[in-house]
């Protein structure tokens, strides 16, 4: 039997991130200032982000150097392993070769530190003392807490109150890394106080938490804001995933016919797929599939339009496939994929037919997650399980046609903090959930006029 | 800066386990039958274990081949990484070089699958259909559930009822891998029914759970029992840890002055230390330190005597350092180290002055765990944190003396399921706990007469 684990030596870690903006024929239209509705300039972002990140957000340089200080941290868990899923292939009876890149080896348990670490670094370089951010389920808040602890930055995480109450362990994890975790809505911000005045028992929402984190950053000179998905510089940092995977597949003389990633805001999908799309731009045949939940199908069912990044409507307007910024998706267990839009870069690529998308209901996704856990051992995060399910669907097709396709997917994180979902699935309490078209129609009617 | 992660290629995985019984001048006295008090024969173990494991238990062969089927599973996460703790060293201002072998990369999150997998394999080979075991905090039950899912064996885990209720996520993890998890005491066994008749609300104990699991195995022809520590064959399987670590240190031209492992029953400590003791037997200078909790200090405060392996008194008598099989240690967060005795092999080595032992209170241990998490990123299990604390104490001594000692410890697992303990520590609710001498005196007075 050939190898199960394809490891890259530490010195083989990529030294540059890949910026897909250098190769796209059509770039997404620029973000618009939410007030003037005119293209936002670098200085509009200055209260939120340090100069280096604003520059990366707008850069069209193909390769951007990874600072040595960031590489030193990356090396604590990177290069991450690439696995050949021999046991899953056997269980499926497929002639396909299935590989997965496993990002759950990071201390925070997902791919999120790939961008949290450089974001913390560039802020530190710019003399920032403190970062504010929001978190829903807790993956992003954990990653930024970890990154801030590495660079000696203070970190304040506004955590959606209902999650804060239901997921005390995520909070403890962030606190262990030294972060301050505030249940949102809080009385720390004007935004929070407004919500509490209307409804003292508000369970909070990601939209409210974003507003609080942004307000916190804007009002304090020593503080900036940090975002874990959607923006160009986040996608850039995540390309380390795909760059490593290419090197690892080359070690076993293979190349994917199709690469598959789960897609909420788009950072995990982009991280895996963009370096392969670089080859596609150069004429190589490779498919890329973004897998989203049927409960929140922004690419497959959304509309391409300028929309707010947050629910409240404070952020710059971004051109993206969206279900409407006020769209409320059904409660599903893959909390990290419950986002109303897809990143502008992913949206543009989808519009131009360079990538594909598929949406699956969570019951089917969990069935694949359990099959994966019982064959490959690793317990996947519900978000990551969407990519697993996409890969299994491809592999089943190969079983029918006999085609020995090479399938690569990203296992974006482990599910150690998601066992309540598995419990619901195994006890038959987890149901398939689909987005309501009427709800999206209502939300799309509230798109901002441009 | 030199490497952070020292990886071993998949083909470098050891092909044999190291059996320390081949090299010990003094072997532990044999186990005694609990009824006759005479040395137990192989057939006495037959209702509990398959022939291959009984043979390993008694073998004095130096090297024992790892079956190819076991290697195929090991390869899903092995060789595990060896890390150089650059950032921890810097935080401590120590001239010591600190390395740690990280076993948390296994799907179950600890070193336990190193023995669960071969145990499941040998049972499968012997035609066994089903394994029974007990679990307290859940680490061992998780590992055996995983191993059984790999080999298509049924698995029944008797889980201490209070843990079953307080740790539903551990249960869900075992169920995801296909195991049946029974809160103990249960009405499935005579032992359980007896306890319930006396006290329908019994919270259970590890001792009761062992009795249930053993009874289950003995009464069913298709079922055997599986144990995660203490016995010789368990120590044997865990030596893969130290064997890999030796190869990895050789890659960077280093060798430890001291190796450190946490010690409850002894499987993690033995796994790391025994392959280095092989060198010590051959004349090389190397220290080995077993770190136990001050709340349950069987090596540092116990008595060397024949005692039962379980609380109820059903198992063969083993010669070990013990606090008495009826000793009830204070409740501490490192549940995996709350065992009244140390494995016969570890006990004999300690008696012969070949290894050292140290005991630390949990408050100090958690302080080290948090320092580790904030410098190296990984959140350690409370059990593993004992080894971290031992290593930090050594490194601090080096900082005083200026001696550039090489320190190697085993990080036996991650703490993703232990965040309630961190929460208690960070909120100041976790106190140092020490064993009560009177309680051990009482328990030692109940040692069986031989």
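Read the figures in this text as sums done on the coordinates, not as results from a lab. As the structure is a prediction and not an experimental result, all values here were calculated from the model. Here the Cβ is made from the backbone with ideal geometry for all residues, glycine too, and neighbour counts use every protein chain on show.
Residues B:225, A:350 in ascending order of nearby Cβ atoms (within 10 Å, fewest first): B:225, A:350. The rotation axis taking chain B to chain A passes closest to the C-beta of one chain B residue; that residue and the distance in whole Å read B:416, 2. P(r) tail, the protein assembly as shown: Cα-Cα pairs separated by more than 57 Å, 10% of all pairs. Counted by neighbouring Cβ atoms within 10 Å, the residues A:241, B:332 run from fewest to most as B:332, A:241. From the P(r) of the stretch B:146-244, could you give the percentage of C-alpha pairs in the tail past 20 Å? So the pairs more than 20 Å apart make up 46 percent of the total in the stretch B:146-244. The alpha carbon centroids of the stretch B:105-127 and the stretch B:130-197 are separated by 16 Å. Averaging 1/r across all pairs of distinct Cα atoms in the stretch A:375-450 and inverting the result yields a Kirkwood radius of 15.7 Å.
P(r) tail, the stretch B:65-220: Cα-Cα pairs separated by more than 18 Å, 63% of all pairs. With a simple spin-label model that places each label point 7 Å from the Cα along the Cα-to-Cβ direction, the separation between residue A:437 and residue A:43 comes to 4.8 nm. Treat the stretch B:261-311 as a sphere of radius equal to its Kirkwood radius over Cα pairs and apply Stokes-Einstein at 37 °C in a medium of 0.692 mPa s; give the translational diffusion coefficient in µm²/s, rounded to a whole number. For the chosen part, D equals 263 µm²/s.
Modelled this way, with points 7 Å down the Cα-to-C-beta line, the labels at residue B:367 and residue B:63 are 4.6 nm from one another. Size estimate for chain A follows the Kirkwood approach: the inverse of mean 1/r over distinct Cα pairs works out to 21.8 Å. Across all Cα pairs in the stretch A:295-334, the calculated P(r) in 5 Å bins from zero up to the longest distance comes to 6, 26, 28, 24, 12, 4 percent per bin.
Label points for residue A:12 are taken 7 Å from Cα along Cα→Cβ. From this copy to the others they lie 1.3 nm apart, shortest first.
Kirkwood radius and radius of gyration were both taken over the C-alpha atoms of the stretch A:340-394, and their ratio Rg/Rh is 1.07.
Each copy carries a label point for residue B:404 at 7 Å from Cα toward Cβ; from one copy, the others' points are 5.1 nm away, ordered from shortest. Inter-label distance, residue A:397 to residue A:279: 1.8 nm, where each label sits 7 Å from its Cα along the C-beta direction.
Dividing the summed helix terms, -39500 (n - 2.57) for each DSSP H run of n ≥ 4, by the number of residues in the protein assembly as shown produces a 222 nm estimate of -12000 deg cm²/dmol to the nearest 500. Our summary gives the stretch B:324-400 a relative contact order of 26 percent, counting only alpha carbon pairs under 8 angstrom and 6 or more residues apart. Label-point spacing at residue B:69 relative to the other copies reads 5.4 nm, in ascending order, each point sitting 7 Å out from Cα along Cα→Cβ.
A convex hull fitted to the Cα coordinates of the stretch A:1-139 yields 190 cubic angstrom per residue. With the convex hull drawn over the C-alpha atoms of the stretch B:214-320, the volume per residue is 135 Å³. The value of relative contact order for chain A, using C-alpha pairs under 8 Å at least six residues apart, is 19 percent. Derived value for the stretch A:123-167: Kirkwood hydrodynamic radius 10.9 Å. Basis is the mean of 1/r over every pair of different alpha-carbon atoms.
Computed from the Cβ-Cβ distance with R0 of 45 Å, the FRET efficiency linking residue A:196 to residue B:424 stands at 0.95. Ordering A:254, A:418 by the number of other Cβ atoms within 10 Å of each residue's own Cβ, fewest first, gives A:254, A:418. Placing R0 at 60 angstrom, the Cβ-Cβ distance between residue B:22 and residue A:220 gives a FRET efficiency of 0.35 after rounding to 0.05.
Per residue, the convex hull around the alpha carbon atoms of the stretch B:293-450 comes to 132 Å³. At full extension, residue B:15 and residue B:250 could sit 82.8 nm farther apart than now, given 0.36 nm per residue minus the alpha carbon distance. Treating r as the C-beta distance of residue B:445 and residue B:165 and R0 as 35 Å, the FRET efficiency rounds to 0.60. The calculated P(r) of the stretch B:104-145, using every Cα pair and 10 Å bins from 0, goes 30, 52, 18, 0 in percent.
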